[in-house]
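The values are calculated or read from the model by the stated rules, or taken from the named source; none is laboratory data. This structure is a prediction, so every number in the text was calculated from the model and none was measured. Cβ coordinates were reconstructed from backbone atoms using ideal geometry, including for glycine residues, and neighbour counts include every protein chain displayed. Accessible surface is based on the protein model in full, side chains and every heavy atom, while ligands, DNA and RNA are left aside. Shrake-Rupley method; radii C 1.70, N 1.55, O 1.52, S 1.80 Å.
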Amino acid sequence: MPSYKMSNGERIDKSIIDQRVRKAKEKKIQIVLDEHGYIFCEEVGCGKNTNCGEPIDCSHDISVDDCQKMGCTELAWEISNITMRCRTCHRIHDKTSLGNPIVK
């Protein structure tokens, strides 16, 4: 199993990273529900909610892959690095809208 570096120099197994990311996403969802009573896209100007028929995802501001590559793997499970985004906004954020990279 591969392992990745954290900012303190320690290494952590991918299975542990995945487990912590799952728990962080669960916590983020609970925080939004506790504060607002429903799940919605937090992207500025969007605001779609679960009633729109489009999934609302837990989206990393800095991707798990980038966190691992930077040697700051612990950012992958930081709640502050997770934003609720509708699938459209998530794809735009990840630059994979409609399965194609967005060219700027």
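Within region 85-104, does at least one residue satisfy the condition of being touching a residue at least 60 places away in the same chain (Cβ under 8 Å) and open to solvent by less than 50 Å² (accessible area, probe 1.4 Å)? No, because not a single residue in region 85-104 is touching a residue at least 60 places away in the same chain (Cβ under 8 Å) and open to solvent by less than 50 Å² (accessible area, probe 1.4 Å).
Reported count of residues in region 24-43, each being under 14 Å from the mean Cα position of the chain (by Cα) and either among the charged types (D, E, K, R) or surrounded by fewer than 12 Cβ atoms within 10 Å (Cβ to Cβ) (or both), is 6. With a requirement of 1 or more residues that are in contact with a Ser or Thr (Cβ under 7 Å, 6 or more places away or on another chain) and hydrophobic (A, V, I, L, M, F, W, C), the helices (runs of 4 or more DSSP H) lying completely within the chain that satisfy it span 14-36, 64-70.
Would you please name the residue that is surrounded by the most Cβ atoms within 10 Å (Cβ to Cβ), looking only at residues in region 65-84 that are of a type in the set (Ser, Thr, Tyr) and out of contact with any helix residue (DSSP H, G or I) (no Cβ under 7 Å at 6 or more places or on another chain)? The residue in question is THR83.
Here is a yes/no grid of residues against (1) at positive phi; (2) of a type in the set (A, V, I, L, M); (3) at pLDDT 95 or above:
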| site | (1), (2), (3) |
| --- | --- |
| ILE29 | no, yes, yes |
| ASP34 | no, no, yes |
| GLY45 | yes, no, no |
| CYS52 | no, no, no |
| SER59 | no, no, yes |
| THR73 | no, no, yes |
| GLU78 | no, no, yes |
| ILE92 | no, yes, no |
| GLY99 | yes, no, no |
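ARG11 passes every criterion in (1) more than 17 Å from the chain's Cα centre (by Cα); (2) buried (at least 18 other Cβ atoms within 10 Å of the Cβ) apart from (2).
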